[in-house]
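Novice: A single structure is presented below for examination.
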């Protein structure tokens with residue numbers, strides 16, 4: 001009996017072991033099926049082209065095609081993803097015609113160890129699906145080259161770009177170089193249009209990495225912003241036409257460094273033409289033509305330092321150049337014409353050097369300086385022609401004017417307890433200084449030779465400013481100043 005009982009126990013243990021094994025296998029199979037079908041784990045396909053592995057995976061949950069290794073063009077992606085049997089994958093990139101027109105109806109991610117080239121060898125126009133609701137994006141972590149092509153949003157039902165709706169941008173596709181990226185994204189000789197809508201990182205063409213990238217020779221229009229960057233360096237932006245974007249034209253931002261912006265035409269944007277804001281350093285803005293933007297043509301903002309704005313042609317703008325909360329910048333050899341204001345310096349900006357610029361046909365003030373905390377800004381050898389007013393100081397005592405020349409706009413306005421400081425200045429024709437009723441408006445002239453001053457009461461004073469400075473408090477009156485050895489020195 002004891003033996004039989006033992007056999008029964010052995011049989012039960014054996015059965016339990018078999019049942020446990022079966023249950024384990026079932027659980028393993030269920031887990032495997034979940035892994036293979038879960039949106040957390042992508043489907044995977046790998047192929048090889050010209051001895052270079054090309055790795056593609058597809059994430060069904062958010063309709064994303066990822067290039068994770070190797071170098072590819074759109075044709076390579078198309079051939080690879082069409083090996084999937086699911087319609088969702090095969091419809092992600094559609095060849096719409098034999099002349100290089102594609103429709104991208106998925107997100108496209110360029111991984112760290114990969115390189116995507118979109119160029120004229122197999123592409124003329126990449127349309128990114130847009131219905132004003134679903135947003136598909138191109139995100140670069142590795143290297144990407146866009147050359148000689150057109151990339152836009154596309155609404156197949158409307159057979160048109162995704163345009164504004166009631167004056168507002170609907171959700172639209174965009175291109176972004178991700179912060180975690182390690183490669184470059186070069187965009188050259190291409191047209192980028194009707195992309196972006198103002199979401200975070202969704203401005204149209206945005207760089208959060210991509211140091212050393214080049215944006216050259218493009219037609220960039222009808223984006224939310226023509227260009228945006230954050231925390232990048234050594235990017236070259238040149239020879240582009242940037243126009244009719246919803247907000248800014250070019251907006252390097254937030255710690256962008258060592259950037260060159262040159263030979264671009266920036267016009268008809270919905271706000272500022274070119275702006276760098278937020279701790280920008282060593283930015284060169286050179287030889288651009290900027291006009292007809294809704295705001296300032298070129299703006300230096302929020303702690304922009306050690307940068308240069310030179311040789312630009314600015315016209316038909318609200319303000320030619322604006323400097324706010326920015327320091328130690330050089331502004332020279334620019335031509336600013338037919339604008340409301342030439343240059344404004346406000347918001348605690350200091351130690352900026354403005355020299356050898358030409359202001360022509362300025363409607364209001366060629367130079368406006370506002371704020372008691374705006375310190376030690378120097379204006380030297382600037383030419384003010386055919387402008388209604390030359391300079392206005394408002395609540396400012398520390399700006400210095402050195403030998404600037406004004407042919408028609410000869411009126412300097414001193415308001416709200418300001419001090420107008422002239423140094424080393426020759427007054428070949430009469431210069432007029434007009435004061436408001438503030439009690440502490442001042443004129444100081446140093447090292448400017450012999451002058452004749454006519455004060456508000458009609459009295460004349462001859463003064464040698466090389467011997468000692470001329471200083472006068474002016475209140476609700478007009479002073480006239482001219483150099484004694486001027487051809488037109490007879491104020492009397």
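The values are calculated or read from the model by the stated rules, or taken from the named source; none is laboratory data. As the structure is a prediction and not an experimental result, all values here were calculated from the model. All Cβ positions, even for glycine, are placed from backbone atoms using ideal geometry, and neighbour counts span all protein chains on display.
Novice: Looking at 130, 106, 153, 121, which is the one that is over 20 Å from residue 199 (Cα atoms) and either touching a strand residue (DSSP E or B) at 6+ places or on another chain (Cβ under 9 Å) or without any contact (Cβ under 8 Å) to a residue 60 or more places away in the chain (or both)?
Specialist: Details: 130 fails: over 20 Å from residue 199 (Cα atoms); 106 fails: over 20 Å from residue 199 (Cα atoms); 153 fails: over 20 Å from residue 199 (Cα atoms).
Exactly one of 130, 106, 153, 121 is over 20 Å from residue 199 (Cα atoms) and either touching a strand residue (DSSP E or B) at 6+ places or on another chain (Cβ under 9 Å) or without any contact (Cβ under 8 Å) to a residue 60 or more places away in the chain (or both), namely 121.
Novice: Condition first: surrounded by fewer than 17 Cβ atoms within 10 Å (Cβ to Cβ) and either in contact with a helix residue (DSSP H, G or I) (Cβ under 7 Å, 6 or more places away or on another chain) or over 19 Å from residue 172 (Cα atoms) (or both). Now tell me which residues in the range 193-210 satisfy that.
Specialist: None; the set is empty.
Novice: Quick one: what pairs do we get from the range 64-75, first residue touching a residue at least 24 places away in the same chain (Cβ under 8 Å) and on the phi > 0 side of the Ramachandran plot, second buried (at least 21 other Cβ atoms within 10 Å of the Cβ) and in a strand (DSSP E or B), C-beta under 7 Å, 6+ apart or different chains?
Specialist: Taking only residues 6 or more apart or on different chains, the pairs are 70/54; 70/114.
Novice: Let me ask something else about it. Please specify each residue of the range 372-394 satisfying the condition of being within 28 Å of the chain's Cα centre (by Cα), surrounded by fewer than 17 Cβ atoms within 10 Å (Cβ to Cβ) and in a loop (DSSP other than H, G, I, E, B).
Specialist: Scanning the range 372-394 gives a single hit, 373.
Novice: Taking the condition of being touching a strand residue (DSSP E or B) at 6+ places or on another chain (Cβ under 6 Å), farther than 21 Å from residue 271 by Cβ and not in a loop (DSSP other than H, G, I, E, B), how many residues in the range 156-205 meet it?
Specialist: 6
Novice: What are the residues in the range 314-355 that are under 17 Å from residue 284 (Cα atoms) and part of a loop (DSSP other than H, G, I, E, B), if any?
Specialist: Within the range 314-355, 326, 328, 329, 333, 334, 352 meet the criteria.
Novice: If you don't mind, another one. So, restricting to strands (runs of 3 or more DSSP E) that lie completely within the range 228-302, which ones have at least 2 residues that are surrounded by fewer than 23 Cβ atoms within 10 Å (Cβ to Cβ), free of Cβ contacts under 8 Å to residues at least 24 places away in the same chain and touching a helix residue (DSSP H, G or I) at 6+ places or on another chain (Cβ under 8 Å)? Let's see the steps before the verdict.
Specialist: Details: elements: 236-238, 241-243, 250-253, 260-262, 265-267, 274-277, 284-286, 289-291, 298-301.
Here the list is empty.
For every residue, the table says whether it meets (1) over 33 Å from the mean Cα position of the chain (by Cα); (2) assigned to a helix (DSSP H, G or I); (3) modelled with pLDDT under 90.
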{"residue": "48", "(1), (2), (3)": "yes, no, yes"}
{"residue": "66", "(1), (2), (3)": "no, no, no"}
{"residue": "75", "(1), (2), (3)": "no, yes, no"}
{"residue": "80", "(1), (2), (3)": "yes, yes, yes"}
{"residue": "89", "(1), (2), (3)": "yes, yes, yes"}
{"residue": "99", "(1), (2), (3)": "yes, no, no"}
{"residue": "103", "(1), (2), (3)": "no, no, no"}
{"residue": "108", "(1), (2), (3)": "no, no, no"}
{"residue": "112", "(1), (2), (3)": "no, no, no"}
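Novice: Given (1) surrounded by fewer than 17 Cβ atoms within 10 Å (Cβ to Cβ); (2) over 20 Å from residue 375 (Cβ atoms), where does residue 469 come up short, assuming only one miss?
Specialist: (2)
Novice: Could you check the range 450-486 and list, in sequence order, the residues that are in contact with a strand residue (DSSP E or B) (Cβ under 6 Å, 6 or more places away or on another chain), in a loop (DSSP other than H, G, I, E, B) and under 14 Å from residue 422 (Cβ atoms)?
Specialist: Matches in the range 450-486: 465, 469.
Novice: Sticking with this one: In the range 303-313, how many residues are in a strand (DSSP E or B) and more than 15 Å from residue 357 (Cα to Cα)? Can you show your working first?
Specialist: Going residue by residue through the range 303-313, those that are in a strand (DSSP E or B) are 305, 308-310, 313.
Narrowing the set further to residues that are more than 15 Å from residue 357 (Cα to Cα) leaves 305.
Residues that pass the stated criteria total 1.
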